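Notes for the one structure printed next.
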Amino acid sequence: MTRIAARFAELARTGRAGLVTYLTGGDPDAATFAALLAALPGAGADLIEIGVPFSDPMADGPSIQAAGLRALRAGATVATTLGIVRRFRARDAATPIILMGYYNPIHSYGVAKFLGDAKSVGVDGLIVVDLPPEHDDELCLPAREAGIDFIRLATPTTDDRRLPIVLNNISGFLYYVAIAGITGTGSAAVDDVAKAVTRLKQHTALPIAVGFGIKTPRQAAEIARLADAAVVGSALVDRLAANLDDNARARPGLIDAVLADVSALAHGVRDARR
Amino acid sequence: MPSANTYRAGPDERGLFGRYGGRFVAETLMPLILEVERAYHAARRDPDFAKELTYYLEHYVGRPSPLYFAARLTRHWRGAKIYLKREDLNHTGAHKINSTMGQILLARRMGKRRVIAETGAGQHGVATATVCALFDIPCVVYMGAVDIERQQPNVFRMKLLGAEVRAVNSGTATLKDAMNEALRDWVANVDDTYYLIGTVAGPHPYPAMVRDFQCIIGDEVKVQLQRAEGRLPDTLLACVGGGSNAMGLFFPFLDDASVQMVGVEAAGEGVATGRHAASINGGAPGVLHGNRTYLLQDRDGQIIDTHSVSAGLDYPGIGPEHAWLHDMRRIEYVAVRDEEALDAFQLLARLEGIIPALEAAHAIAEAGKRAPKLPMDHLLVINLSGRGDKDIYSVAKRRGINL
């Protein structure tokens, strides 16, 4: 069983939803990020998404755009991101790690080399925003072959005709993007998300994580009542950014501030179904 | 793709020209892109659509544009016979309106109530704002803050035409970032918005659709030169940023084996300096803005800053069909430096009384290198893709003149 499947099975056994956290790899610098990453499971992150920085993140709002640029300026590359995962994995064998990003850095690294290296450092899943099912031969199928889950986004524009195409070839979980829009912008109405999750459940047995627009523990709890996991990204990135000095360097309280938010979100998620 | 007997069969059903092109976009956009594709294919088969487009191209844009024999330029270079395809004489001053007219008619057919566009030099933004004014459709144009600074006249034109110009400060604040921002807008406004892309790039069907609308350039040249000289041209020259004016000129001739074609990229301060915008001459294949093509990128696949004196060529990619035609060696791609383009800008103004866009000046500069070595019966057609009125401020500034 893969780490992602095992984690969702465990969550189902305990009767609660999971918290998925997103932070951009290497933001604001490699050392701070590695320390933050190491502490995320303890603070309540059940699955961890690490953004692979890209210069042109077309589906991201200002918060994650800025995070990517900070990481790039601090020297982040695909290789350094994989290195961070390797060090994390040496101390945590259970928490799933999902790399999220855009295709070009992987394309440039070389797909076969990337998958080999990602597997060997302990990456469990990939979310590549600009690879729709029409291009499954590029990365999705080779990733499955390599034993890495390829996780796809379903959106409010994914109608019943398109949904089976989106669900084809994927594993791990389905990520439902609650709004038609970029990261860090609006929030969806709970009723709309409930309807969407019900519809998705009719088409797939995979766990469903919901993201985009979830900022507070209360919102996370609302999602946790409907879906198998809630994803929080921009809100955590914003907290990180609020703890930088004028030169975009980490201030002393940064890690604790982000972890406090993760804890509060985790409580929201864990208490949701009680 | 059947490449043995034709270069004009692409793209395939996945939008691929060989390995280039495709539809590398976020899932939110996929249903929209498929909808644009369906609507475009239906429009192509509809004689009423062709009739309407022809009407506006003739009576509003001012087509056909002349194919002008440049006698003084020919005498100056003492070689090939130079013809200029006068896309600068179109309404709004460039070839861009050929495609914006086609696309706005498509958007209307699709019932879209809002149009967004990206622009670099502002020519596509002006052409989009123009057709939106004509058909009373709200228009938002994304433009990099750096480009806004160097293309003030076009920014003002767009505003006069009723468009909202949104400054883009993200990334390098140039054309690629404007395209990112337009894609972000589209993702957030999927229900009512048509994204009117300005060049032969982006996700399928845009590269093929924009090419088809621009092919009127080459189609006219074929007829006009036949009338003037009774034969095909020997060489076609066009500047290439994204590559829509070049593709429009070249495509109708791709299967005429005797016709040599040259795409001219912007070498900026020189390809070797790293400060340029020559995707084929100085880049490598990658994936950006919905398609696989040659890109300017670093070793980690991050898109890098481009440089060109011409804002319209200042883009780190090139249309995927160009990438394929380069690999197939059907078209030759060269690069011309800022200084050479500026000299050509001046030369054409003095010799022919035509101030060319700095983009087109790159093609003229390349012609100046080739024409003197060619025989006098060699027919060389340069696509004069736009007029240079918009550029006089930045050219003056480079010479230390404050207008």
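Evaluate the Debye formula for the protein assembly as shown with equal point scatterers sitting on the alpha carbons, no solvent, and hand back log10 of I(q)/I(0) at q = 0.09, 0.11 Å⁻¹, in q order, two decimals.
Ignoring solvent entirely, the Cα scatterers give -0.75, -1.06.
Mind checking Rg over Rh on the range B:199-266, alpha carbons, Kirkwood formula for Rh?
For the range B:199-266, the value is 1.00.
Please list, in order along the range A:261-272, the HN-Hα scalar couplings obtained from phi with the Karplus expression 6.51 cos²θ - 1.76 cosθ + 1.60 (θ = phi - 60°), rounded to whole Hz, x for Gly and Pro.
Rounded to whole hertz, the list is 5, 4, 4, 5, 5, 4, 4, x, 5, 6, 8, 4.
Normalised by the empirical 2.2 N^0.38 Å for globular proteins, what value does the Cα Rg of the range B:189-336 take?
Relative to the rule-of-thumb radius for its length, the range B:189-336 sits at 1.08.
Compute the distance in nm between two label points, each set 7 Å from the Cα along the Cα-to-Cβ direction, one at A:Arg273 and one at B:Ala167.
5.0
Could you list the residues of the range A:207-249 with an amide nitrogen less than 16 Å from a label point located 7 Å from the Cα of A:Ala194 in the Cα-to-C-beta direction?
The answer is A:219-228, whose backbone nitrogens lie closer than 16 Å to the label point.
Report the per residue volume, in Å³, of the convex hull enclosing the C-alpha atoms of the range B:286-340.
Convex hull volume per residue, Cα atoms: 100 Å³.
Calculate the FRET efficiency for B:Arg44 and A:Asn168 from the Cβ-Cβ distance with a Förster distance of 25 Å, rounded to the nearest 0.05.
About 0.25, to the nearest 0.05.
Antiparallel as a % of all DSSP beta bridges within the protein assembly as shown, to the nearest 5?
Among the beta bridges of the protein assembly as shown, antiparallel pairing accounts for roughly 20 percent.
Considering every residue in A:127-139, what mean count of other chain Cβ atoms within 10 Å of its Cβ is obtained?
5
Would you mind telling me the antiparallel percentage of the DSSP bridges in chain B, rounded to 5?
If we restrict to bridges inside chain B, about 35 percent are antiparallel.
At a temperature of 25 °C and a viscosity of 0.890 mPa s, determine how fast the range B:1-113 diffuses translationally according to Stokes-Einstein, using the Kirkwood radius over alpha-carbon pairs as Rh; express D in µm²/s, rounded to the nearest whole number.
Roughly 140 µm²/s, to the nearest whole number.
Show me A:120-130, B:288-298 ranked by packing, highest mean number of other Cβ atoms within 10 Å first.
Result, highest mean Cβ count within 10 Å first: B:288-298, A:120-130.
So which GluC sites (Glu not before Pro) in the range A:84-175 are both in a DSSP loop and have at most 14 other Cβ atoms within 10 Å of their Cβ?
Loop-located and lightly packed - none at all.
Hey, quick one: spin label on A:Ala6, modelled 7 Å out along Cα-Cβ, who in the range A:160-186 has an amide N within reach, i.e. under 18 Å?
Residues A:172-173 fall inside that zone.
Using only atoms on other chains, find how many Cβ atoms lie within 10 Å of each Cβ of peptide A:173-185 and report the average.
Per residue, the average neighbour count from other chains is 3.
Under the rule of at least 5 residues apart or a separate chain, name every residue whose amide H is placed under 5 Å from the amide H of B:Val165.
Under 5 Å from the amide H of B:Val165 lie the amide H atoms of B:Val141, each far enough along the sequence or on another chain.
Which one of A:Val197, A:Val52, A:Val262 has the biggest mean-square fluctuation once chain A is modelled by GNM with Cα springs under 10 Å?
A:Val197
Pulled fully out, how much extra length does the chain show between B:Glu269 and B:Ala284, if you take 0.36 nm times their separation in residues and subtract their Cα-Cα distance?
So the chain would gain 3.5 nm between B:Glu269 and B:Ala284.
Report, in cubic angstrom per residue, the convex hull volume of the C-alpha atoms of the range A:3-271.
Cα-based convex hull of the range A:3-271, divided per residue, equals 111 Å³.
Over all residues in A:51-63, what is the mean tally of Cβ atoms on other chains that come within 10 Å of each residue's Cβ?
Going residue by residue through A:51-63 and averaging, the value is 6.
Which value, in nm² and rounded to one decimal, describes the direction-averaged projected area of the C-alpha convex hull of the range A:14-141?
Its average projected convex-hull area is 8.3 nm².
Using the reciprocal of the averaged 1/r over all distinct C-alpha pairs, how large is the Kirkwood radius of the range A:181-263 in Å?
Taking the inverse mean of 1/r over all distinct Cα pairs, the range A:181-263 comes out at 14.2 Å.
What residues have an amide H closer than 5 Å to that of B:Arg114, excluding those fewer than 5 places away on the same chain, when H is modeled at 1.01 Å from N in the peptide plane?
Residues meeting the criterion, in which the H sits 1.01 Å from N, are B:Tyr194.
Taking Cβ-Cβ under 4.7 Å as the only way to count a partner, pick out the unpartnered cysteines of chain B.
B:Cys215, B:Cys239
How would the range A:112-253 be classified by its alpha-carbon gyration tensor: rounded, prolate or oblate, with rounded meaning a/c under 1.5 and the a/b versus b/c comparison settling the rest?
Note, shape of the range A:112-253 comes out oblate.
Tell me which GluC sites (Glu not before Pro) from the range B:141-234 have a DSSP coil assignment and no more than 15 other beta carbons within 10 Å of their own.
Hits after loop and neighbour filter: nothing returned.
Quick one: which residues, 5 or more positions from B:Leu16 or on another chain, have an amide H under 5 Å from its amide H? H modelled 1.01 Å from N in the peptide plane, none for Pro or chain starts.
The list, which skips near neighbours in sequence, is B:Gly22.
By DSSP, what percent of the beta bridges with both residues in chain A are antiparallel, rounded to the nearest 5?
Expressed as a percentage, antiparallel bridges in chain A total about 5.
When a/c is below 1.5 the answer is rounded, else prolate if a/b is larger than b/c, else oblate, so apply that to chain B with a ≥ b ≥ c taken from the square roots of the Cα gyration tensor eigenvalues.
In terms of gyration-tensor shape, rounded.
Find out how many positive minus negative residues lie around B:Gln346, taking Lys and Arg as positive, Asp and Glu as negative, among other residues whose Cβ is under 12 Å from that of B:Gln346.
Neighbourhood net charge equals -2.
Bear in mind these aren't lab numbers, they're just calculated from the coordinates by the rules spelled out. If you're wondering where the values come from, they're calculated on a predicted model, not measured in any experiment. When we count neighbours, we look across all protein chains shown, and the Cβ atoms used for this are built from the backbone with ideal geometry, even at glycine.
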